[in-house]
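Let me begin by presenting the structure, written as structure tokens, before commenting on it.
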Amino acid sequence: MIGCPVSERFNSSIAASRGLRILLCDPDPAARRVLRAALGRHELLNVLEADGLDAACALVKGADVALVALMPGEEAGLERLLAAGFAGGIVAALDQGSVAGAVAAMRSGAQDVALKPLRAEEVVERLLAVARTNRGERRRALRADTRAPTTAQGADFCGFLGRSPAMARIYERIGRIASSRAPVFVTGESGTGKELAAAAVHARSPRHDAPFHAVNCSAIPRELMESEMFGHVRGAFTGAHADRAGAVELADGGTLFLDEIGEMDLALQAKLLRVLQEGRVRRIGEGHERQVDVRIVCATNRDPVAEVRAGRLREDLFYRLHVLHLHLPPLRERGEDVLRLAEAFLARFAGEEGRPMPRLGAEAAAALMQRHWRGNVRELQNLMRRVVVLSDGPVVPVRLLDEDIMETERAGPVLSQADVAAMGAYVEAPVAARQAGLIEPFAVVERRVIEEAIAAFDGNVTLAASALDLAPSTLYRKRLAWQKAQGQSLRVVAGSG
């Protein structure tokens, strides 16, 4: 029940919040009616109402702050509001005594938690405080940047979703290198977001108002690549019917992103090096050069040093480009970012497909955390679209997460036959024989440390991983590999007699 009106000490805050747009999300119409009346008495009249998260997602773009009543187990649903584009502050209303629920709500995006039964004084105080904090953070962000960064709706940083320590380090590094004029070399596996990182560097840089132009060096035929990069004049070659600017000119004053730089022809790499050294570009068939000012950000999913040694990437170009380095972590090293991304993709694709959003149950969440993610975020994105299309219930079926997936993709590291035999022999050896050795194999020590940590936390892998400073997915993968190795060893022993 919502009771007494807001006390006098809040009058100044209320006066400063007349234009505040407030979203009330509660399945109880009586609770919404009472709270709306309390807000109306203080002329906070810009109030939107929703009877659940589905309705709230359609209203988020018109709100500055939201009060969201959640049932036990619904805390993760707050991420749907963020994925739907809500950039304001959230106060979660929960049942009394729900400590785990409060923690889950804060992790999912709530900035404050109010416990039921709600009092109008408390609710309004919390809403205004969250709104003021959120506005202050926006102002500080605007002052920190030349302009507010271009971000995807619901993103945590310039289009990226993720709050893991690994991604926090990436955000911090992007913030440091963005203001420089020096080239940036981005590395990382396919699907980790290298172009998104390049766009973030551009958005945070003083060049943000100038063009950001991207070229995929592996997608353009070699015979067309020079024209694509440097442009041409009319009549320069068959089919050149008009003058055309190349990518370098199109990015003048801004940023040129060259994806898969190692796929560029070596002769063209030499011409690109000259552009970097002299700041001038010559179109094919043209007699004079044009002055350009371009910052280069390039990327590869291979080891650039190995590419240089193999002769596919010029060494002088590599050292010219490899001034500031940014390495994006694979998804399997980002811990619970996997679940946050999965929820965001489910919300997005459910909206696009016009279907209800299935939620992740504990079994499905565990399956996602155990997976190796060879295709990284791109693989997760495609999988969640398939889940939305094929799901026929309110919860994501685990079977949809296993369809068309190779066993090695979920089982983690693949052990050699020698590894399996060594581990099996060690496990089966008598205790006395093991004690005779002064040094244990590292794999055995590692397994013992991990299993002891998990046992110390009563089987909670997430807490054990945190204590060991490892990602939970790493522990899941190792345990699956050990189980598989143990099964192979037992089969070898059984067949030997």
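Here the stretch 229-244 is the region considered, the condition is being surrounded by 18 or more Cβ atoms within 10 Å (Cβ to Cβ) and among the hydrophobic types (A, V, I, L, M, F, W, C), and the residue that is farthest from His288 (Cα to Cα) is Met229. Residues in the stretch 204-228 that are in a loop (DSSP other than H, G, I, E, B) and among the aliphatic types (A, V, I, L, M) were compared, and the one that is surrounded by the fewest Cβ atoms within 10 Å (Cβ to Cβ) is Ala219. Within the stretch 292-313, restricting attention to residues that are surrounded by fewer than 19 Cβ atoms within 10 Å (Cβ to Cβ) and charged (D, E, K, R), the residue that is nearest to the chain's Cα centre (by Cα) is Arg302.
Condition first: among the hydrophobic types (A, V, I, L, M, F, W, C) and at pLDDT 75 or above. Now tell me which residues in the stretch 88-104 satisfy that. Matches in the stretch 88-104: Ile90, Val91, Ala92, Ala93, Leu94. Applying the criterion of being in a loop (DSSP other than H, G, I, E, B) and in contact with a Pro (Cβ under 9 Å, 6 or more places away or on another chain) to the residues of the stretch 245-291, the residue that is surrounded by the most Cβ atoms within 10 Å (Cβ to Cβ) is Ala251.
The test for being out of contact with any Asp or Glu (no Cβ under 9 Å at 6 or more places or on another chain) and assigned by TED's automatic domain parsing to the domain that holds Ala197 does not hold for Leu268.
Of all the listed residues (Gly77, Gly73), the sole one being on the phi > 0 side of the Ramachandran plot and either out of contact with any His (no Cβ under 9 Å at 6 or more places or on another chain) or not β-branched (Val, Ile, Thr) (or both) is Gly73.
Looking at this structure, is Leu128 surrounded by fewer than 19 Cβ atoms within 10 Å (Cβ to Cβ), touching a helix residue (DSSP H, G or I) at 6+ places or on another chain (Cβ under 9 Å) and at pLDDT 75 or above? For Leu128, the condition - surrounded by fewer than 19 Cβ atoms within 10 Å (Cβ to Cβ), touching a helix residue (DSSP H, G or I) at 6+ places or on another chain (Cβ under 9 Å) and at pLDDT 75 or above - is not met. Report every pair of residues separated by at least 6 positions or lying on different chains whose Cβ atoms are under 9 Å apart, first residue within the stretch 461-473 and under 22 Å from Asn376 (Cα atoms), second outside any loop (DSSP other than H, G, I, E, B) and among the acidic types (Asp, Glu). Close Cβ pairs (under 9 Å, with a partner that is outside any loop (DSSP other than H, G, I, E, B) and among the acidic types (Asp, Glu)) amount to Ala471/Glu333; Ser473/Glu333. Looking at the stretch 361-383 only, could you name the residues that are among the aliphatic types (A, V, I, L, M), touching a helix residue (DSSP H, G or I) at 6+ places or on another chain (Cβ under 6 Å) and closer than 21 Å to Gly73 by Cα? Matches in the stretch 361-383: Ala364, Ala365, Ala367, Leu368, Met369. Reported count of residues in the stretch 314-361, each being aromatic (Phe, Trp, Tyr) and within 25 Å of the chain's Cα centre (by Cα), is 2.
The values are calculated or read from the model by the stated rules, or taken from the named source; none is laboratory data. All values reported here derive from a predicted model rather than from experimental measurement. Methodologically, a virtual Cβ is constructed for each residue, glycine included, from the backbone with ideal geometry; neighbour enumeration extends over all protein chains shown.
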